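Quick one: structure below, then a few questions.
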Amino acid sequence: MRLFLRFLMLLILFGAVGLIGFAYLGELAPESREAVTPVTLDAE
């Protein structure tokens with residue numbers, strides 16, 4: 001039982017560290033730029 005609780009606490013600790021790391025590194029969004037593509041319409 002004691003081993004299970006230790007494993008559970010370690011799992012919670014790693015999950016919290018992973019969540020904090022994702023919160024910091026998840027803000028790295030790629031830069032966006034406008035893309036313009038000419039379109040020809042065949043309307044008569």
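Every number in this text was worked out from the coordinates using simple rules, so none of it is lab data. This is a predicted model, so every value here is computed, not measured. No Cβ is skipped: glycine too gets one built from the backbone with ideal geometry, and neighbour counts run over all protein chains shown.
Computed from the mean reciprocal separation of all distinct C-alpha pairs, what Kirkwood hydrodynamic radius does the chain have, in Å?
15.3
Could you list the trypsin sites (Lys or Arg not before Pro) in region 1-39 that lie in coil according to DSSP, counting only those with at most 12 other Cβ atoms within 10 Å of their Cβ?
Taking region 1-39 and a limit of 12 other Cβ atoms within 10 Å, the loop trypsin sites (Lys or Arg not before Pro) found are 33.
So for the chain, taking the charge dipole from beta-carbon charges (+1 Lys/Arg, -1 Asp/Glu), which of 41, 11, 23 sits furthest toward the positive end?
11
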